[in-house]
Amino acid sequence: MRDHQNAPRPPRGTSCLTGLLSVAAALGTGHLLAGLTGEPGSSPFLAVGNTAIDLAPEPVKDFAITTFGEANKTALLVGMAVVLAVLGAASGLAARRDPLPGLVLVGLGGAAGALATLGRPDLPAWAVAVPLSSAVVGGVVFALLRSASRPHGSREGTGTDPAATGAGLGRRRLLVSTGAVGLGSAAAALGGQALTGRGGLEESRRAVTARLPAAAPPPGGADFADQGTPTFITANDDFYRVDTALRVPHLRAEDWRLRVHGLVERELVLSFDDLLRRPWRTEVITMTCVSNEVGGPYVSTAEFVGVPVADLLREAGVRPVAERVFSASADGYTAATPVETLLDPDRVALLAFGMNGEALPPEHGFPVRMVTAGLYGYVSATKWVVDLELATRERRTYWEERGWAERAPIKTQSRIDSPRGFDTIPAGRTTVVGVAWAQTTGTDRVEVRVDDGPWQPATLAREVNPDTWRMWRAEVDLAPGSHRIACRATDRNGHTQPEERVGTVPDGATGWHSVVCTAE
Ligand SMILES: Nc1nc2c(c(=O)[nH]1)N[C@H]1C(S)=C(S)[C@@H](COP(=O)(O)O)O[C@H]1N2
Ligand SMILES: [Mo]
C-alpha cells in the first residue's frame, strides 16, 4: 500500500491537463469526422446537445428559454463545454495512479455520443461510427499523454538525479505532446466547422434571392416606431427565432425536395424549381410563438413569398379521412396542422421561400418553411420543411409529446413597449405606446388604464391586414409617484383579453400586460 502510494505520479496540473486534452481530442476528432462525412449532426458534441434539448423536461426548457432567451443554445453549448472540461480534468486527476477513471470517462463519453447519434431521426445509422471513433482517439491520446507525463526514470534505484536528466527530458517531451494534442484538437474542430460551413448555402441563397421580387416598401402609418413600438415590418435579423436546432440545417435549394404523401390520391415529390413553378403569393403575416409570455418578445412580422399550401394539397388530392397535415423538417422536428385550416379559402398558409425581399435566412428555414396565419408557430410554421404527410389526428408531434396542445390558435394579446417597466419619467401627460395582435380577425380596439382608473381607448395605427399586429398609442396623465399602466385588446369578434393570467403551457399565455413606472 505504502509502496504503491509512493510510486511516482505526474503532478496534479499535468494530470488535469491530460484529461482535458483527451476530451478535446475526442471532440475535435468527432467534429472533423462529422464534417468529412457530410453528417454534421453526428459531431458528438452536437449530437449530445441536441439529444439534451429533446430530452430536457418541459420546465427546464421553459427556464432556458425565459432565462437565456434566444441565447439559450449558446448557453447550452457553453454549459456542456464547462461540464466536459471539468469531467475531463477530474478524471485525469483521478487517473494519476490508475488509468481506469480516464478510460471510464472515454467509454461513457463514447456511449453517450453513440446513443445520441442513434437516437437522432435525421442521422443515418452508420453515423454512430463518428462518436465511436472519437472515443477511440480520446482513449489513445489519454494513454499516450499519461505515459508521457509519468516522471521519467520512475523505475526505482536508477541512481541518477531526476531533476537534472530524466525529468528535464520528460518535461520537454510532455510540453511538445500536450502542445501538439491541443493544437491538433483545435485544428480538427475548426476544420470540421469549416467543412460544415455555409459556403454552398450562401451561394444557394443568393441565387434564390435573385429570383424574388424586391420587398414592398414598408406600409406607411402602421407603426409608432419613433415613439417606441417595433417597426411594422421586422427586419430579418431582428425577427424572433425559436427552434430546437442546435445547428441550423444546411440545406441548399438545389438539394431540397418536398414529399407530399399519406392520405392523398397522388403522392407528390417537388424540387425547389417545381415549387417555384406554381403560382406565388406575397403575404404579410405576424408570427407568434406559444412560448411568448405576456409582454414577451416572440412576435414578429414579415412579408413572406410562397406557394399556398392548399394548392399543393389540392394537387395531391386530400382523402376525406385525412385530419392533419404532419410537417417534418430536415432535422427531424415534426408539427401538425389541421387539414380544414389549411384548406380554408380565407386562411393564409404558405410554403414560403421569400422573407422581406430575400431568400429565407438559414435560421428561419431556408430554403422552404411553412407559415400559417393565426396559428402559433409550433403547429403551423415548420422550418426546413421536407415532408408533408396527410394522416388522421392520433400521431403525436414533437411539442405534443412534451405537453403542448394539439390545437393552438394564437390568442389575442397586447403589449406595452414604452414606457418600459421601472422607467422613471416626467409626471404629467405621458404617451404610452405598444402593439396588439389578433391574427385572422384583426384588432378592433386597445384600451389602457392607469392604476385602478377607468379604461381609456388608445389610437390604433393603420391596419395592414387582419393577420398582422397593430400598433397603438394613448395619452395618460401621471401624478407624481409610482403607477401601474395596463393594456388590453379586443378583437373583431368582440372578444376582450381576459385579465386572468395563465402560463404558456399548453396553448398560450393570457392576461393583461402592465408596467410599473415612476413619475417625478
Ligand atoms: N424545423 C423546425 N421548425 C420550427 C420549429 C423548430 O423547432 N424546428 N419551431 C417552431 C416554433 S415553436 C416557432 S414559434 C416558429 C418560429 O419561427 P422563427 O424562428 O422563424 O421565428 O418556428 C416553428 N418551426
Ligand atoms: Mo413557438
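Read-outs throughout are calculated quantities, based only on the coordinates presented, and are distinct from any laboratory measurement. Predicted, not measured: the structure shown is a model, and the values here were computed from it. Ideal geometry is used to build each Cβ from the backbone, glycine not excepted, and the neighbour counts take in all protein chains shown.
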Using DSSP to call loops (not H, G, I, E or B), can you name the trypsin sites (Lys or Arg not before Pro) in region 221-301 whose Cβ has at most 12 other Cβ atoms within 10 angstrom? Arg266
Name the residues whose placed amide hydrogens come within less than 5 Å of the amide hydrogen of Gly365, ignoring near sequence neighbours (fewer than 5 apart) on the same chain. Trp384
Simple Cβ-charge dipole of the chain, Lys/Arg +1 and Asp/Glu -1, about Cα centre, in debye nearest 20: 2100 debye
Out of all DSSP beta bridges in the chain, what portion is antiparallel? Express it as a percent rounded to 5. 90 percent
Between Val78 and Leu268, what length comes free when the chain is fully extended (0.36 nm per residue of separation minus the Cα-Cα distance, one decimal in nm)? 64.2 nm
Lysines near Lys61 by alpha-carbon distance under 21 Å, same-chain residues fewer than 8 away left out - which ones? Lys73, Lys383
If exposed means no more than 15 neighbouring beta carbons inside 10 Å and the site is in a DSSP loop, what's the longest run of the chain without any exposed chymotrypsin sites (Phe, Trp or Tyr not before Pro)? 1-421
Theoretical gain in end-to-end length, Thr424 to Thr441 [0.36 nm per residue, Cα-Cα removed]: 2.5 nm
Square roots of five times the Cα gyration tensor eigenvalues for the chain, Å: 53, 31, 19
Quick one: compute a quarter of the convex hull surface over the Cα atoms of region 30-156 and quote it in nm². 9.2 nm²
Could you please state, rounded to a whole Å, how far the C-alpha centre of region 79-129 is from the C-alpha centre of region 298-340? 39 Å
Label point 7 Å beyond Cα of Thr282 along Cβ direction - residues of region 300-340 with amide nitrogen under 20 Å: 301-309
For the chain, calculate the relative contact order in percent as a whole number, restricting contacts to Cα pairs under 8 Å that are 6 or more residues apart. 13 percent
Can you give the convex hull volume per residue for the Cα atoms of region 252-339, as a whole number of Å³? 132 Å³
Gain in span if fully extended, Ala90 to Leu144, counting 0.36 nm per residue against the direct Cα distance: 17.7 nm
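Test of understanding: express the Cα radius of gyration of region 454-501 as a ratio to 2.2 N^0.38 Å, with N the residue count.
1.39
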Calculate log10 I(q)/I(0) of region 333-475 for q = 0.11, 0.14, 0.16 Å⁻¹, where I(q) comes from the Debye formula with a single equal point scatterer on each Cα and nothing for solvent. -0.57, -0.82, -0.95
Summing -39500 (n - 2.57) over every DSSP H run of at least 4 in the chain, dividing by its residue total and rounding to the nearest 500, the 222 nm mean residue ellipticity is -11500 deg cm²/dmol
